[in-house]
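So the structure is just underneath, and the comments pick up after that.
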Amino acid sequence: MRIESGKQVEHFGAVRLHPVRRVLELDSGVRIPSPIKDSVEPQRIDRDVIAGIQRELAIVLPIKDEDVKVFEGVLSGIPHDCLMIVMSNSRRGEIDNLKKEREILDRFCIATKRNALIVHQKDPRLGEALADCGYSQILDEKGLVRSGKAEGMLIGILLAMALGKEYVGFIDTDNYIPGAVWEYAQHYAVGFSLSDSPYVMTRLLWRYKPKMSGELYFRKWGRVSEITNKYVNHFISAKGRFETDIIKTANAGEHAMSLQLAKKLTYATGYGVETQELMSIFEQFSGLASPVDKAVMEKGVDIIQTETINPHVHEERGEEHLLKDILMPSLSVIYHNPLCEDGTRRLITRHLIELECIPRDGEVPSLLMLPPPETVDAVKFGRLMDRTLSDYAIPKGWPVGVSLPPAARKTREAAKLVFTDLDGTLLHPVSYSYAAALDSVRKLQEAGIPIVFCSAKTMAEQQVYRHELGIADPFIIENGAAIVVPKDYFRFPFSFSRIVDDYFVIELGAPYQEVRSKLRKLCGKQEAKVTCFGDLTTEEVSKVTGLNLLMAALAKQREYSETVIIEGDKKQLQSTLAAIEEVGLSYTFGGRFYEACLGGDKGKAVKILLELFKLNFGDAYTVGIGDSLNDAEMLTAVDSPMIVQTGDKRWNKLNVKNLKRVSGIGPEGWARAASEVLGGSSHKK
Ligand code: GDD
């Protein structure tokens with residue numbers, strides 16, 4: 001995107017008010033290396049910067065009985081990398097609008113390979129969790145979340161926080177133009193990219209809000225907004241010696257915030273919510289009221305305003321709604337702000353009387369306020385909602401609850417990370433069962449400790465276990481030949497080789513076909529009997545491995561390495577292994593079979609992944625759990641290497657410093673290792 005460069009920024013205490021910037025180009029092309037920095041006007045924001053931010057952005061979509069066709073259009077405009085949180089307050093019962101919304105979202109997510117949440121704000125479980133976390137101001141007398149878009153937005157903010165997102169944005173679901181929706185989400189990301197502060201808000205101004213009366217007329221928007229802007233500006237002007245008209249977006253329904261900022265604000269119920277967000281920022285961070293939040297005052301708060309190109313076409317709800325439901329509450333929150341002086345208050349009262357919103361001798365009514373989301377115990381809320389979240393997940397079965405650890409991790413002082421082998425380690429060497437380790441897996445998840453698989457298994461095989469166990473962390477496949485990272489896992493952009501579904505794949509090994517063609521050179525030249533998985537049928541793989549047919553088929557879906565079965569005496573084995581090296585391949589021994597590959601090893605993959613963890617979440621204490629020779633490199637790369645017992649109750653001999661032997665075969669030993677992780681120190685090597 002190319003956007004007008006920033007003009008004069010105005011300061012209001014620690015709040016930086018940016019004048020409205022216009023967009024010149026919605027898409028400014030691919031990155032072209034240029035010696036001239038783009039700080040000269042106009043400013044260009046790269047596609048990958050926008051995409052990087054959108055991966056950390058949750059878009060909250062409030063909906064109340066909207067036309068489902070229009071809703072469908074809105075969904076198609078939300079950029080692929082944003083997480084959608086649909087907050088519904090639609091009619092239930094015989095005519096179940098929530099059901100329709102859910103079906104549409106489900107179809108959309110399956111077709112586009114996306115995940116989303118859909119929540120009805122009247123779900124009693126939500127009310128109970130909020131009551132338990134001490135956030136009862138949002139509840140009605142029945143203990144349910146009150147009706148209202150603002151209440152829906154608040155729940156959206158809490159869920160985005162629980163899911164570890166960095167930013168939250170709001171887009172109404174009555175928008176007729178999917179292209180406009182797409183543009184809004186671009187603006188949000190661009191706004192965030194323009195700020196160096198963790199406390200940032202982007203508010204949109206629509207250039208045109210067309211009116212459908214006979215001919216299409218591109219009307220500048222809008223009367224209500226102009227009045228609200230006028231009084232917000234009056235409020236600011238009255239605090240200094242210079243008049244300002246900097247605020248043009250006091251009613252911006254379409255806006256976004258960093259969650260760091262969102263969690264500190266006080267929200268108004270009803271449609272005064274957007275104006276109140278501004279007023280709450282002024283109240284807390286203009287330095288005019290005490291106490292002050294030192295961290296925010298130091299970094300400052302950026303309020304970025306941008307003007308959209310697409311027109312805003314949405315459901316019109318009539319003049320009375322505009323005055324009563326939008327203007328009145330918006331002026332009310334200015335009027336009742338403790339910093340608002342009498343002059344502004346008098347003008348607001350007079351204006352509301354003129355518009356017949358209040359009687360001649362009437363008072364400006366005050367609104368119920370919702371306390372800052374940070375007053376909710378986020379970890380408790382996450383834990384209480386953990387099971388319920390899977391019912392909100394779209395498509396069904398998406399293990400959303402397990403996305404909670406990154407959020408919890410951020411609140412921990414010393415983060416820990418577990419890298420684990422699968423076969424013979426987390427999985428029993430004979431039965432492939434992880435049952436003995438299941439409780440420990442859950443405990444690590446509750447503690448917010450990521451579990452990174454690092455195994456010879458293929459991506460397809462590992463996905464089965466990740467899905468069953470609800471593990472959403474990155475994983476290392478085919479003995480370190482590739483690292484697979486869920487798209488929204490890391491905040492900062494990084495280099496990857498390709499995208500597969502919802503994953504970025506960093507490839508360290510050569511493709512399978514290359515490995516196969518080198519192995520073919522061995523054919524018929526060895527005294528030992530050499531068989532590759534690629535030459536076997538699924539049934540044969542199942543027979544030699546003991547895997548069921550499904551898992552055997554997935555084991556055959558190799559992308560980088562080949563599993564080789566070598567049958568012969570010791571001498572024949574040695575000469576075959578030497579021949580594998582001669583053709584340019586390396587190999588590892590996994591306990592039963594050999595893995596041949598070209599490039600990449602578990603240790604190298606662990607180190608690369610660790611760098612990404614450090615970059616995104618800070619330093620971590622690392623633990624490795626393995627059982628056999630091919631785990632040595634992984635175990636060498638971690639702070640605390642541990643080895644579990646093999647099927648015959650002994651430990652393989654590995655040349656790894658400080659290696660700790662834990663008793664228990666496979667998953668039994670894994671459970672013991674995990675309890676050491678939970679209880680032990682996090683002192684780095
Ligand atoms: N979850 C939830 N709960 N959503 C709701 C509720 C509710 O109780 N009530 C309305 N919504 C949804 C609507 O379905 C729509 O998608 C969105 O919230 C906005 O509601 P509208 O009633 O269409 O608002 P508006 O068009 O009059 O006002 C919009 O623009 C104003 C000025 O910019 C809203 O965005 C206002 O918040 C904004 O101030």
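The values are calculated or read from the model by the stated rules, or taken from the named source; none is laboratory data. Model, not experiment: these values are computed from the prediction. Every residue, glycine among them, receives a Cβ derived from its backbone with ideal geometry; neighbour counts consider all protein chains shown. Accessible surface is based on the protein model in full, side chains and every heavy atom, while ligands, DNA and RNA are left aside. Shrake-Rupley method; radii C 1.70, N 1.55, O 1.52, S 1.80 Å.
Counting only protein heavy atoms and a 1.4 Å probe, the chain has 43 square angstrom of accessible area per residue.
Taking 0.36 nm per residue of separation and subtracting the Cα-Cα distance, full extension of the segment from Trp651 to Val464 would add 64.6 nm. Dipole magnitude for the chain: about 1260 debye, using +1 per Lys or Arg Cβ and -1 per Asp or Glu Cβ, origin at the Cα centre. Ranking Ala415, Asn655, Cys357 by Cα position along the charge dipole of the chain, where only Lys, Arg, Asp and Glu carry charges on their C-beta atoms, puts Asn655 farthest toward the positive end. Only helical runs count toward this figure. For the chain, summing -39,500 (n - 2.57) over DSSP H runs of n ≥ 4 and dividing by all residues gives -11000 deg cm²/dmol at 222 nm. Averaging the sequence gap over all C-alpha pairs within less than 8 Å and six or more residues apart, then dividing by the number of residues, gives the stretch 2-380 a relative contact order of 21 percent. Once C-alpha pairs closer than 8 Å and six or more residues apart are averaged by separation and normalised to the residue number of the chain, the relative contact order reads 12 percent. Toward the positive end of the charge dipole of the chain, with +1 on the Cβ of Lys and Arg and -1 on the Cβ of Asp and Glu, the farthest Cα among Leu17, Gly600, Met257 is that of Gly600. Bridges between two residues of the stretch 2-380, per DSSP, are antiparallel at a rate of about 45%. Calculate how many DSSP beta bridges within the chain are antiparallel, expressed in % of all such bridges and rounded to the nearest 5. Taking every DSSP beta bridge with both residues in the chain, the antiparallel ones total about 50 percent.
When both the stretch 442-491 and the stretch 326-360 are represented by their alpha-carbon centers, they are found 55 Å apart.
Label positions at Asp439 and Gln526, each projected 7 Å from the Cα along the C-beta direction, are separated by 4.4 nm.
Per atom type, the stretch 2-380 shows carbon and sulfur on 51% of its accessible surface, probed at 1.4 Å.
Phe504 sits with roughly 10 Å² accessible to a 1.4 Å probe, with DNA, RNA and ligands left out of the calculation. Normalising the Debye intensity of the stretch 427-584 to I(0), with uniform scatterers on Cα atoms only, and taking log10 at q = 0.14, 0.16 Å⁻¹ returns -0.83, -1.02. The order of Leu422, Leu339 by accessible area, most exposed first and with a 1.4 Å probe, is Leu339, Leu422. When the Cα convex hull of the chain is projected onto planes of every orientation, the mean area is 35.3 nm². Net charge dipole, the stretch 259-356: roughly 440 debye, given to the nearest 20, about the Cα centre with Cβ charges of +1 for Lys and Arg and -1 for Asp and Glu. Close amide H contacts of Val500 (hydrogens built in the peptide plane, cut-off under 5 Å, sequence separation of 5 or more or a different chain): Val505. The distance separating the Cα centre of the stretch 176-198 from that of the stretch 617-679 comes to 45 Å.
Among residues other than Thr344 with Cβ under 12 Å from its Cβ, the summed charge is +3 (Lys and Arg +1, Asp and Glu -1).
Given +1 at the Cβ of Lys and Arg, -1 at the Cβ of Asp and Glu and no other charges, the dipole of the stretch 2-380 around its Cα centre is 460 debye to the nearest 20.
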